[in-house]
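**Q** My questions will all concern the structure given below.
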Amino acid sequence: MNKIFDVGIIGGGVSGVVIALQLAELGIENILFEQKASVVNGPPFCHLHAGGNLYPEISDEQCKLLMKQSIDMARLFPQSIDERPTFISVPKTEKYSLEDIERRLQMLVSYYQELIDEDPLNEILGAPADYYKIYTSEDLKKLKNNPSFKRPNSPDEWMSNAIQLIDVDKLKMPVVLVQEYGWNLFRLGAQAQLALMKSDKTNLKLNTEIQNIKDVREENLDYNWEISTKDKVYKVNYLVNSSGFKTGEFDESLDLNVERLIEFKAAYVSKWQPQEGLIPELIFHGERGTPHGMAQLTPYSGDYYQIHGMTNDITLFKNGLVKSKREDAQPEFNEDIKDKLKNGWPNEEIESRTINAINYISKFVPSFETAEIGGPPLFGAQQIPGNDPELRVGEVSFPCRLYARSEIVKASSALSVAEQIIEKIQEVGLLKLSDKKLNTNTLLDSIKKEEIDVLAADLAKMRGYPEALSRLVIEKD
Ligand SMILES: Cc1cc2nc3c(=O)[nH]c(=O)nc-3n(C[C@H](O)[C@H](O)[C@H](O)COP(=O)(O)OP(=O)(O)OC[C@H]3O[C@@H](n4cnc5c(N)ncnc54)[C@H](O)[C@@H]3O)c2cc1C
């Protein structure tokens, strides 16, 4: 007879791996199915949204949640966090007000202080008083005469390096430097995969596509769900659906119809040698989906820079955001997007979209016009529960007994989702758990930096990206 697992998890993205690792920490036997050859291989992420400062239009509540959840995830995966700040600006053509941005930053400083008062280990973004710094045009004039700093050590040094390159005449004043950091998906994936391989509680099944699930809850068996691959059936007591933008497919097989959006997006990889010194991530706000949507330049190691431009020619796509229909829980992309997701991109489109992206950034950073294509785009589809495309903190739902559906919008929500699932498993009395709160994970803690370096580099290469994308700009011990 087949073994019965306490929990079966479909999908080894950031959400699925964190759920599996936290269950393992509590001694709960689980099985994690991922159709690809490695984990955390879905849509990309590059920015730890610790405060939501890339989204002027979201509520204070969402900003606070993003900050809290980002800090929690940074504590689990410190080797994936790139501790360089983010430059935030509003072009003169845009509607956003600097007063509103500053008011929100002040609110975030108080909230960050509260989180540190709750637990001093939450101080991962530096001292609260240094969370952000405002720079007037006078301040910038003074900094402009500075030499470039190879490895900046203070907000002023980071800002000096940035404004050597930026056309500040295009921007409203003041501008801001905030401690929102970079987030390296290859390093997070490597740490998670190494930890899962060490676990004797999680059975990690890579290259394993789930084709079907069967609800046997009412059949008086000693398990509740059957999970089938093309040649095997697995038995589990509790089912977690963390299959990313495909979540609706399993909902449909259970006749659970809910509203959701799925969105296809891409970021572009370029190579550029601006100056000796490192620069912060650069944000030029703009209204999403218009021809002047936000421009974002994210520095990586080895002179690689990733670009987002929130326009339909760059990061977003015509018909890239689709809704579920009344009778179908799984929204469907058009054939072009489906083809990209399955087979990758044609070279001409990599070239034309990356060049669009480089030109877009050059409007604010003139010397960026010398940047070149540095690799294939980082792209993918993500899920947004409900019907609000502005939602930034998607979560978990429990649409029927013994079934959890994870639908995170940002990678930072993964730990909060895992905690809620664990609580639910306790509530339904399926498993006896200790009430210890898990903001650490001994399996993750046991993985050494050197092991992460090696596997992260392999993952980047295996997926066709430059190895340098697997390293941090600010290396950690
Ligand atoms: C361009 C872009 C940029 C982004 N930038 C950021 C950012 O800077 N910061 C941030 O926090 N977030 C960012 N996001 C969002 C982030 O990528 C997602 O929130 C996150 O990856 C979702 O994780 P997940 O585990 O829920 O889903 P996924 O990562 O999609 O994981 C689902 C997994 O399920 C597997 N799967 C699906 N069906 C099956 C099946 N039948 N059998 C077996 N396995 C299956 C898939 O292969 C996949 O690995 C970005 C998204 C995009 C598209």
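**Q** Of the listed pairs 64/170; 235/432; 144/449, which have alpha-carbon separations greater than 27 Å here? If you can, show how the numbers build up before the last one.
**A** On the way: 64/170 30 Å; 235/432 20 Å; 144/449 37 Å.
Too far apart for the 27 Å limit: 64/170; 144/449.
**Q** Please tell me the relative contact order of the chain in percent, rounded to the nearest whole number, where contacts are Cα pairs under 8 Å and at least six residues apart.
**A** Numbers: 1008 pairs, mean separation 111.3, N = 477.
23 percent.
**Q** Evaluate Rg over Rh across the chain, taking Cα atoms for both radii and Kirkwood's formula for Rh.
**A** Checking Rg against Rh, the ratio lands at 0.97.
**Q** Using θ = phi - 60° and the Karplus relation 6.51 cos²θ - 1.76 cosθ + 1.60, list the HN-Hα couplings for segment 214-223 in order, rounded to whole Hz, with x at every Gly or Pro.
**A** 3J(HN,Hα) across segment 214-223, in whole Hz: 10, 8, 10, 4, 9, 9, 6, 9, 8, 8.
**Q** While we're here: For segment 159-255, state the semi-axes of the equivalent ellipsoid (square roots of 5 times the eigenvalues of the alpha-carbon gyration tensor), sorted largest first and rounded to whole angstrom. Mind showing how you got there, number by number?
**A** Working: eigenvalues 450, 70, 29 Å².
Result for segment 159-255: semi-axes of 47, 19, 12 Å.
**Q** Further question: Would you calculate, for the chain, the mean residue ellipticity at 222 nm contributed by helices, counting each DSSP H stretch of 4 or more residues as -39,500 (n - 2.57) and dividing by all residues, to the nearest 500?
**A** -9500 deg cm²/dmol
**Q** Here's something else I'd like to know. Mind listing the Cα extents of segment 390-477 along all three principal axes, in Å, largest one first?
**A** Result, largest extent first: 45, 34, 23 Å.
**Q** Round to the nearest 10 and give me the degree value, 0 to 90, for the angle of helix 185-198's Cα axis relative to the longest principal axis of the chain.
**A** In the chain, helix 185-198 runs at an angle near 30 degrees to the longest axis.
**Q** Can you pull the Kirkwood radius for segment 76-198, inverse mean 1/r over Cα pairs, to one decimal in Å?
**A** 16.4 Å
**Q** On to the next question. Lysines near residue 338 by alpha-carbon distance under 21 Å, same-chain residues fewer than 8 away left out - which ones?
**A** Cα-Cα hits under 21 Å: 36, 246, 265, 318, 323, 325.
**Q** Let me ask another. Calculate the tail of P(r) for segment 140-204: the fraction of all Cα-Cα distances greater than 19 Å, expressed in %.
**A** Roughly 55 percent, rounded to a whole number.
**Q** Keeping the other protein chains in place, figure out the carbon and sulfur percent of the accessible area of the chain, with a 1.4 Å probe.
**A** Working: 9180 of 19680 Å².
Roughly 47 percent of what the probe reaches on the chain is carbon or sulfur.
**Q** Mind listing the phi-derived Karplus ³J(HN,Hα) values for segment 105-111, rounded to whole Hz, using 6.51, -1.76 and 1.60 with θ = phi - 60°, and x for any glycine or proline?
**A** 4, 5, 4, 5, 4, 5, 5
**Q** Take every Cα-Cα distance within segment 1-76, group them into 5 Å bins from 0 onward, and report for each bin the whole-number percent of pairs it holds.
**A** Percent of pairs per bin, in order: 3, 13, 17, 17, 17, 14, 9, 5, 2, 1, 0, 0.
**Q** Mind listing the Cα extents of segment 197-350 along all three principal axes, in Å, largest one first?
**A** Cα spread of segment 197-350 along its principal axes, largest to smallest: 67, 43, 28 Å.
**Q** Further question on the same structure: Take every DSSP beta bridge whose two residues both sit in the chain, then give the antiparallel share in percent to the nearest 5. List each step's numbers first, then the result.
**A** Working: 49 of 70 bridges.
Bridges in the chain are about 70 percent antiparallel.
**Q** Still on this model: Cα atoms only, segment 1-160: Rg and Dmax in Å?
**A** 20.3, 75
**Q** State the volume of the convex hull built on the alpha-carbon positions of segment 20-63, expressed per residue in Å³ and rounded to an integer.
**A** Taking only Cα atoms, segment 20-63 has a hull volume of 140 Å³ per residue.
**Q** Go through segment 461-477 residue by residue and turn each phi into a ³J(HN,Hα) via Karplus (6.51, -1.76, 1.60, θ = phi - 60°); whole Hz please, and just put x for glycine and proline.
**A** 5, 4, 8, x, 9, x, 4, 4, 5, 8, 9, 8, 5, 9, 4, 10, 6
**Q** Normalised by the empirical 2.2 N^0.38 Å for globular proteins, what value does the Cα Rg of segment 337-385 take?
**A** 1.38
**Q** Could you give the spread of the C-alpha atoms of segment 290-423 along their three principal axes, from largest to smallest, in whole angstroms?
**A** Per principal axis, max minus min of the Cα coordinates gives 56, 32, 27 Å.
The values are calculated or read from the model by the stated rules, or taken from the named source; none is laboratory data. Treat the numbers as computed from the prediction; the structure is a model and nothing was measured. Quick note on the areas: whole protein, heavy atoms, side chains included, nothing else; ligands and nucleic acids left out. Shrake-Rupley method; radii C 1.70, N 1.55, O 1.52, S 1.80 Å.
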